[in-house]
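Since the structure comes first, as structure tokens, the remarks are kept for the end.
Bear in mind these aren't lab numbers, they're just calculated from the coordinates by the rules spelled out. For clarity, every value in this text was computed on a predicted model and none was experimentally measured. No Cβ is skipped: glycine too gets one built from the backbone with ideal geometry, and neighbour counts run over all protein chains shown.
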Amino acid sequence: MVATPIGNLSDITDRARQTLAGAAVIACEDTRVTGLLLRHLGLSVPMLPYHEHNADRVRPQLMARLAAGEVVALVSDAGTPLISDPGFKLVREVRAAGHAVVPVPGASALLSALVSAGLPTDRFMFAGFLPQKSKARRDTLDELKAVPATLIFYESTRRLPESLADMAETLGAGREAAVCRELTKLHEEVRTGTLESLAAHYADQGPPKGEAVVVIGPPLAAPPPDADDLDSALRAAFAEGLSVRDATAAVVAATGLKKKQVYSRALELHDDALHDEEPS
């Protein structure tokens, strides 16, 4: 599993070059694209097209080569194989047959975009390509909007203005984001802002050229309720017959406030209610 450059051919690693040079065959998406890389490296290695349209037919050929003791290298047109590319069925079948699967790491568009965007990196979710139709795209975004992590999408620059508009509408206009375009290439660009501002920019400028990765920060934290809102929430919980403990848990889950803060106020309201009920 050999990662290849996503733009700048100088990003190929020594290990990747050595692995490709030692392979009996290179399974690749497009022999024209991989052929350019091999010529740059000064290599002449047989190639075999392997993509979503011929995978079922070609996979047995690759398995036969492995069974014969040959080394097979799998590459995508750019970046790390299997990331929004075919290959996981091959890896699964290779492992099931008892052959070794060896990753040769290197370039990755999603990681390059993530570390360039200036958004939280401690937790992120890669969601691949969004559906092409707006309704299906919004439905998918709606499923992801509450995920407490930075979201990463690959997107066609041709659809970028419409996709950003759907993102702003579905995920929230004020959510921070970055459009990372042509990474590692001559016209590399990382444009940051809110989803609303990015959608407005590309609606005005039109679709850019090249390839794009959209990185979107985690959901915006809801503003904490004021004191009156907290009291109202707790009184409503008490009115349902909940104990101090259960009312606290319910309000914490609904507001995201600290449990200690809510529990302290719940005790105060509960004690006040008991005092009000005592005969004078």
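In nanometres, what is the gap between the two model label sites at THR31 and LEU220, each 7 Å from Cα along Cα-to-Cβ?
So the two model labels end up 5.3 nm from each other.
Once you compute Rg and the Kirkwood Rh from C-alpha atoms, what is the Rg to Rh ratio for segment 201-241?
1.46
Sequence neighbours fewer than 8 away in the same chain don't count; with that in mind, list the aspartates and glutamates whose C-alpha is under 17 Å from LYS133.
Once the sequence-local aspartates and glutamates are set aside, what remains near LYS133 is ASP142, GLU143, GLU155, GLU162, ASP166, GLU169.
Restricting to Cα pairs below 8 Å that are 6+ residues apart, what does the relative contact order work out to for segment 132-280? Please round to a whole percent.
22 percent
So for the pair ALA227, GLN205, with labels modelled 7 Å out along Cα→Cβ, what separation do we get in nm?
Computed distance between label sites ALA227 and GLN205 equals 4.8 nm.
Loop by DSSP (not H, G, I, E, B), at most 16 other beta-carbon atoms within 10 Å: where is the longest site-free stretch of the chain for GluC sites (Glu not before Pro)?
The segment 71-187 is the longest one with no such site.
How large is the Kirkwood hydrodynamic radius of segment 1-155, counting all unique pairs of alpha carbons, in Å?
Evaluated over segment 1-155, this radius sits at 17.1 Å.
For the chain, give the share of DSSP beta bridges that are antiparallel, in percent and rounded to the nearest 5; count only bridges with both residues there. Present the calculation step by step, with values, prior to reporting the outcome.
Working: 18 of 29 bridges.
Expressed as a percentage, antiparallel bridges in the chain total about 60.
Please work out the C-alpha center-to-center distance from segment 80-130 to segment 140-202 and express it in whole Å.
A separation of 20 Å, based on Cα centres.
Taking the Cβ of ARG175 as the center, what net charge do the other residues with Cβ under 13 Å away carry, scoring Lys and Arg +1 and Asp and Glu -1? Present the calculation step by step, with values, prior to reporting the outcome.
On the way: positive: LYS145; negative: ASP166, GLU169, GLU176, GLU196.
Cβ neighbours under 13 Å give a net charge of -3.
Would you grab the residues whose amide H sits under 5 Å from the one on PHE129? Only those 5+ places off in sequence or on another chain, please, with H modelled 1.01 Å from N.
TYR154
Kindly provide the trypsin sites (Lys or Arg not before Pro) of segment 169-272 that DSSP labels as loop, not H, G, I, E or B, and whose Cβ sees at most 14 other Cβ atoms within 10 Å.
Hits after loop and neighbour filter: LYS185, LYS209, LYS258.
Can you tell me which lysines have their Cα less than 17 Å from the Cα of LYS209? Leave out same-chain residues fewer than eight positions away.
By straight Cα distance, LYS209 reaches LYS185.
Looking at (1) 32, 20, 17; (2) 52, 24, 15; (3) 25, 24, 17, which value of semi-axes √(5λ) of the Cα gyration tensor in Å comes from a calculation on the structure shown?
(2)
What net charge is computed for the residues neighbouring ALA266, neighbours being all others with C-beta under 13 Å from the C-beta of ALA266, Lys and Arg scored +1, Asp and Glu -1?
Numbers: positive: ARG235, ARG245, LYS258, LYS259, LYS260, ARG265; negative: ASP231, ASP246, GLU268, ASP271, ASP272.
It works out to a net charge of +1.
Assuming 0.36 nm per residue, please report the length gained on full extension of the stretch LYS259 to VAL91 beyond their Cα-Cα distance. Numbers along the way, then the final one.
Details: separation 168, 0.36 × 168 = 60.48 nm, distance 4.63 nm.
Once the chain is fully extended between LYS259 and VAL91, it gains 55.8 nm.
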